[in-house]
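Shown next, in structure tokens, is the structure this report addresses.
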Amino acid sequence: MDIKIDGKTYKIFEEKSIEEIIIENNIDDKKEIIAAKINNEIYDLNKVPQEELEIESIKINSEYGNRIYRRSLYLVLAKAVYEIFPESLLKIRISISNGVYCEIENKDSLRKEDIRTIKVKIEEIINADLKMNRLRLKKDEIIEIIKQGKCPLKAELIERQDKDFYTIYELDGYYDYFYYNMVPSTSYLNEFDIHLRIPGFVLLFPKFFSEKKVPQFKEQPKLANIFSEYSKLGEILGVNNVIDLNRIIQNEEYSELIRIVEAFHEKKIAQIADQIKQGMPRNRIILIAGPTSSGKTTFTHRLSTQLKINGLRPVQISTDNYFVSRNNTPTDEKGKPDFEALKAINLDLFNNHLLKLVQGESIELPSFDFERGIRKKSGKILRLEEDQPILIEGIHGLNDNLTEVIPQDLKFKIYISALTQLNIDCHNRIPTTDTRLIRRIVRDNQFRGLSASQTLDLWDSVRRGEEKNIFPYQENANTMFNSALIYELSVLKNYVEPLLKKIDKIDKNYYQAQRLIEMLRNFKAMPDIEVPHTSILREFTGRSIFREQ
């Protein structure tokens, strides 16, 4: 029969797995293809085609391929830790420093020798080229297997779900549940590193948009402190994982949870406003940056309110009004207009205006006509008094090239993102990018009339732009704000699930929709009636007092 892979046809004369077909036809000698997309569903490479198929390869440098690589590496890590420290429990916690931060419970403090031992064990498993076998089992069978492990949360989550069959992966006698696909064997995972970071360690792996190469470890103390702070809040509230959240919702005890979490946000915003006030009159330019769907708009409004409480009169300037004319917009590697590139902004004009403002001069704010793609005069004259800081919201705020002529001591930089700290179980974490993606799907549908599939079409480009323009500058911030809300996915589930279920099998984004549905299956839905209209969550679900109607 004929099998088509990435548009090229190969004749197959006997039953073989997709991996065997790839190897025998020298399609990928570097093992960068790690999964297969068939009829808009994702399959492991060990799938054996029974009929003629068209296959689209999933590579490690794609976002989904990189997810598969990371999750496969987690399975190897879990097996290695289990073999070295059989009485301990591996916890895969948060994304940080070009990798993921992990801890080992029920063990004395980690030492460098422990890290070396774990790394050697992982290398042994990888070099042995062990098969990652996908098993499809009945609910009671998989629960029995999981209960033999060290993470009871997995079994409890599955017990509460309504599926009859589940997939579990077996690696040389070690069983673990992941809701992602895996690479066919451990030899695909030859790029990784481990870095000791007390009290745990960081597992490093390649980035999705780059070559199959592990980036250098970089300390991110500010980001780590934010995660630590929110983890402590979760402990105080008794919400350390999805099971804890589901129990609160089941018992209808979420009112206090919402109030405390929202009050925590308000307190952090007030503290940032206090920092700005204390630095006045030097803190004249407040730069607010963060990836898409971080809640920057609501944060900026709430910060403005707190600054007014502190006796200041902030004004806002949008970088969007300083776009270059559309015919001068730089292009990306595919030749398409790159509106998120720094040079999409007229930096000379922008800096000239900022410099005049901080020197007490007047400017006429520009306006950008998005229909015609040109900048025009607005007729709005702006001149600052000493008690008027400028709030500038935009993705490039932490990049000093945006405001290169402005002295550093006149700038106060804020990084904002939804840094999810709530995990599903010991080994299945909720990526921060997924929280933001779900937020964006809901917002785009509510306010821009876009379907979930249309938002997913844009997501890969958005993510590449974030990796290039935002994340490298995170630690440049004077302060950080975590816009994640412990309860939000239980609220967003009500909005996003119907949108995701509209994506059918003929849609190229079907596999992404199914992945998100599978993740959300772990959450019990929660009504949003008690979510305040000042909440960052309202920026996405609607009825925010800060959104122009």
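All of the numbers you see were taken from the coordinates with simple rules; none came from a lab. All values derive from a computational prediction rather than experimental measurement. Counting neighbours? That spans all protein chains shown, and the Cβs are built from the backbone with ideal geometry, glycine included.
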Theoretical gain in end-to-end length, Glu404 to Ala224 [0.36 nm per residue, Cα-Cα removed]:
62.0 nm
Eligible lysines near Lys139 by straight Cα distance, threshold 16 Å, same-chain separation 8 or greater:
Lys147, Lys154, Lys163
Rounded to a whole number of µm²/s, how large is the Stokes-Einstein D of the chain at 37 °C and 0.692 mPa s, given Rh as the Kirkwood radius over C-alpha pairs?
130
Can you put His353, His265 in order, fewest other beta carbons within 10 Å first?
His353, His265
Per-residue ellipticity at 222 nm for the chain, helices alone: DSSP H runs ≥ 4 residues times -39500 (n - 2.57), over residue total, nearest 500 deg cm²/dmol?
-12000 deg cm²/dmol
For the chain, what is the relative contact order in percent, using Cα pairs closer than 8 Å and at least 6 residues apart in sequence?
15
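Could you order the peptides 6-16, 72-82 from most to least packed, using the average number of other C-beta atoms within 10 Å per residue? Display every interim value, and only then the final one.
Values: 6-16: 10.4, 72-82: 23.4.
The densest-packed peptide leads the list: 72-82, 6-16.
Per residue, what volume in Å³ does the convex hull of the Cα atoms of region 6-97 enclose? Walk me through the intermediate numbers first.
Values: hull volume 13.9 nm³, N = 92.
It comes to 151 Å³ per residue, whole-number rounded.
How many lysine pairs does region 315-388 hold where the Cα atoms are under 19 Å apart and the two sit 8 or more places apart or on different chains? Please list the in-between numbers first.
Working: Lys334/Lys343; Lys343/Lys376; Lys356/Lys377; Lys356/Lys380.
The number of close lysine pairs in region 315-388 is 4.
With a cut-off of 8 Å between alpha carbons and a minimum separation of six or more residues, what is the relative contact order of region 88-187 in percent? Let's see the in-between values first.
Numbers: 114 pairs, mean separation 28.7, N = 100.
Contact order relative to length: 29 percent.
Once you compute Rg and the Kirkwood Rh from C-alpha atoms, what is the Rg to Rh ratio for region 146-229?
My calculation puts Rg/Rh at 1.04.
On a 30 Å Cα-Cα criterion, which of the cross-link pairs Lys218/Lys508; Lys4/Lys91; Lys138/Lys207; Lys119/Lys501; Lys91/Lys218; Lys112/Lys296 come out too long?
Details: Lys218/Lys508 36 Å; Lys4/Lys91 41 Å; Lys138/Lys207 35 Å; Lys119/Lys501 41 Å; Lys91/Lys218 21 Å; Lys112/Lys296 40 Å.
Table pairs above 30 Å Cα-Cα are Lys218/Lys508; Lys4/Lys91; Lys138/Lys207; Lys119/Lys501; Lys112/Lys296.
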Given region 2-59 reduced to its alpha-carbon atoms as identical point scatterers, what log10 I(q)/I(0) does the Debye formula return at q = 0.31 Å⁻¹?
-1.77
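Please arrange Leu357, Leu456 by how many other C-beta atoms lie within 10 Å of their C-beta, fewest to most. Write out the running numbers ahead of the final one.
Values: Leu357 21, Leu456 24.
By the 10 Å Cβ count, ascending, the order reads Leu357, Leu456.
Divide, for region 194-291, the radius of gyration over alpha carbons by 2.2 N^0.38 Å, where N is the residue count. Please report the intermediate quantities before stating the final value.
Details: Rg = 18.8 Å, N = 98, 2.2 N^0.38 = 12.6 Å.
Here the answer is 1.49, to two decimals.
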Whole-number D in µm²/s for region 64-219 (Stokes-Einstein; Kirkwood sum over Cα pairs; 10 °C, 1.306 mPa s)
98
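How much length would be gained if the chain were fully extended between Thr167 and Arg259, taking 0.36 nm per residue of separation minus their Cα-Cα distance, in nm to one decimal? Write down the numbers at each step before the final one.
Working: separation 92, 0.36 × 92 = 33.12 nm, distance 3.79 nm.
Taking Thr167 through Arg259 to full extension adds about 29.3 nm, to one decimal.
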